[in-house]
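The values are calculated or read from the model by the stated rules, or taken from the named source; none is laboratory data. Since the model is a prediction, treat every value here as computed from it, not as a measurement. Positions of Cβ are backbone-derived with ideal geometry, glycine not excepted, and every protein chain shown enters the neighbour counts. Heads up: the accessible areas ignore ligands, DNA and RNA and are worked out on the full protein's heavy atoms, side chains in. Shrake-Rupley method; radii C 1.70, N 1.55, O 1.52, S 1.80 Å.
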Protein chains: 2
Amino acid sequence: MLAALEANPIRFRPVETRAEASRTAVGPLRNFSKDEEIFAEGDDTDVFYKVVSGAVRTYKLLSDGRRQIDAFHLAGEIFGAEAGAEHRFTAEAIGDVSLVCYRSRSIDTLSYDNPALARDVLGATMEALARAQEHMLLLGRKSAVEKVATFLLGLAERTTSGGAVDLPMARIDIADHLGLTIETVSRSLTQLERQGVIAVPANRRGIVLKDRAALRRLRA
Amino acid sequence: MLAALEANPIRFRPVETRAEASRTAVGPLRNFSKDEEIFAEGDDTDVFYKVVSGAVRTYKLLSDGRRQIDAFHLAGEIFGAEAGAEHRFTAEAIGDVSLVCYRSRSIDTLSYDNPALARDVLGATMEALARAQEHMLLLGRKSAVEKVATFLLGLAERTTSGGAVDLPMARIDIADHLGLTIETVSRSLTQLERQGVIAVPANRRGIVLKDRAALRRLRA
DNA sequence: CGCATGATTGATGAGGATCAAGCAGAGTGG
DNA sequence: CCACTCTGCTTGATCCTCATCAATCATGCG
C-alpha cells in the first residue's frame, strides 16, 4: 500500500537552528526526543512523516487547555498529510522517535506528478478517516470501560503482539485520547484487572491481555 | 475542487426491484425519500455520491443500538468514497434527497486512470478527515452547550445563510451527532434561547442566530 | 536515601442520562 | 372547520456515571 513512499523521501538538510540541535538527522531520518514538538497547529504543511520507530501523538487544544488526542501513530504509519496549507493539529513525540519525512506538494499537482504517491496518500488518508469514524463512535457513545477495552484491543491488533501490549504513552495521553480523565482510565484498568481480563506489570508501562474474548465482549 | 466529478457520473440503469420503486431516477440522478437507506454498513463500495439537494446522515451503530452520526452531508458534498471494499457506515436520507452517483474504482487504479478524479476524491477525503478531527475534539472534550453552539455555527457556515439556519434533521439526529440525548439538546437550545443568543420559531425546524459573537464565545 | 513524577485509590459533587409527563404542530377524518 | 391523534419537542424529577478534589503509593533517578 505505501511502497511508493519509500521512493520519495526528501533529501537530508543539515541541522542548523538551536531548536533542531537535539535532532540527530541521519540520511533522510529525523529523530525527536520525548515530548518534543514535530509540528504545531498552524505550521506549513510542507512536510509529512512516516514513523520508523517510537510513537507520535497528534492533538488539538481548546483555548482553555482541554486536549483531544485524535490519534497515536506507531511504526510504519503516516501522519501529517493534510488538505490545506496549514496543519490542523499538533504532533509530538511520545518517547524517542525516528521519522522519515516527505516533501508535501499541493494535492492539485500531486495526482499528475506522482500517481503512485498520490495513491498511497489517498490510501493513508482514507485509513485515517475510517479510524476517525470508529473513534467518534467510541467518544460519543461508549462508556469508560468500553472505551478502555476498545483502546487496548485496537493497540494490540496494530502492534500484532502476543499477549503483552506495550503502552508507550502515559495515562494522561490515554485519557485525552478517550475523552476521560486519568483517574477514570486508572479505575477502568483496575476494574479489568480485578475481573481477570488483563494484568498490569509493576512498572505500569504495559498490559497483558489475559482474556481477549472477554475484552471483545466488553468493547460493545 | 470537485469539477472532475461532474465528468464521470455513472450511467442511468432502469429501476427494477420493488425496493427501488420509490426512487425516481432521472438521468444520473437518484432520488430518495425521508429515512430511506442509501447504502448500509457492509455494502459494496461500488458507488459513491454527491448531494444535489436535501441532506444525508451517515452513521454507525453499536450492537445494542447506540448510534453515532459521524456527519451530515448537505448539497454539494461528497460521501461514500472509502478505502475498503465495503462501506464502513450506513447512509440515509434525512428528508427527500437527490444524489448524483459515481462509479467507484479501486484506489489503486484510480490514480493512474483519472488523476483529476483522484485529486477530487483525495481532497474530499482530507476535508472529511479534518472535519472528523474537529468533531472528535467536540465529542471528547466539550460540554453540552458548547457542542450545540459549535453545531449551530458550523451548520450556519456551511449553508452560508443569513441569520436563519434551516435544521433539516430532527433532534434525535442532532443528539446522536453530538453524543448527547434529545433532552439535553433541547435543554441546551432552550438555554441559548433564554440567553437571547438564538431564537427558535414555532415549528421548531429552524434556528435564528441572534448573536453570533456570543455563540462563538460559547463554542469554546 | 530523598525527591520528583506518574499512577492508584478514596470521597464527594456535578453534568448529563434516564424516567415520566405534558405540550404543540401537522395531518386526518368527520 | 373543528376535534382527534400522532409524532416530535420540551420540561420536570431523579439517578448515575464520571469529573473533581485530595491523599497515598510506587517507581525511577540523582
Q: Run B:Arg158 past the list (1) over 21 Å from A:Tyr59 (Cα atoms); (2) away from DNA strand D (no atom under 16 Å from the Cβ); (3) touching a helix residue (DSSP H, G or I) at 6+ places or on another chain (Cβ under 9 Å); (4) open to solvent by 30 Å² or more (accessible area, probe 1.4 Å) and report the number of the one that doesn't hold.
A: (3)
**Q.** Lone qualifier among B:Asp44, B:Asp64 - being free of Cβ contacts under 8 Å to residues at least 12 places away in the same chain, among the acidic types (Asp, Glu), out of contact with any Phe, Trp or Tyr (no Cβ under 6 Å at 6 or more places or on another chain) and open to solvent by 20 Å² or more (accessible area, probe 1.4 Å)
**A.** B:Asp64
Q. Does any residue of the stretch A:98-106 turn out to be in contact (Cβ under 8 Å) with a residue 12 or more places away in the chain, open to solvent by less than 10 Å² (accessible area, probe 1.4 Å) and facing chain B (nearest Cβ under 9 Å)?
A. no
Q: Kindly establish whether B:Gly123 is in the same structural domain as B:Cys101 (by TED's automatic domain parsing) and in contact (Cβ under 8 Å) with a residue 60 or more places away in the chain.
A: yes
Q. So, in the stretch A:126-149, of the ones that are within 20 Å of B:Gly65 (Cβ to Cβ) and touching a residue at least 60 places away in the same chain (Cβ under 8 Å), which residue ends up surrounded by the most Cβ atoms within 10 Å (Cβ to Cβ)?
A. A:His135
Q) In the stretch B:183-217, which residue that is surrounded by fewer than 16 Cβ atoms within 10 Å (Cβ to Cβ) and within 14 Å of another protein chain (Cβ to nearest Cβ) is nearest to DNA strand D (Cβ to nearest atom)? A) B:Arg217
**Q.** Looking only at the stretch B:161-185, and only at residues there that are without any contact (Cβ under 8 Å) to a residue 24 or more places away in the chain and near DNA strand C (Cβ under 9 Å from one of its atoms), the one that is farthest from B:Glu92 (Cα to Cα)
**A.** B:Glu183
Q: Please specify each residue of the stretch B:110-136 satisfying the condition of being among the acidic types (Asp, Glu) and more than 7 Å from chain A (Cβ to nearest Cβ).
A: B:Asp113, B:Asp120, B:Glu134
Q: Hey, can you tell me all the residues within the stretch B:147-201 that are farther than 14 Å from B:Ala55 by Cβ, among the small types (Gly, Ala, Ser) and part of a helix (DSSP H, G or I)?
A: B:Ala149, B:Ala156, B:Ala175, B:Ser186, B:Ser188
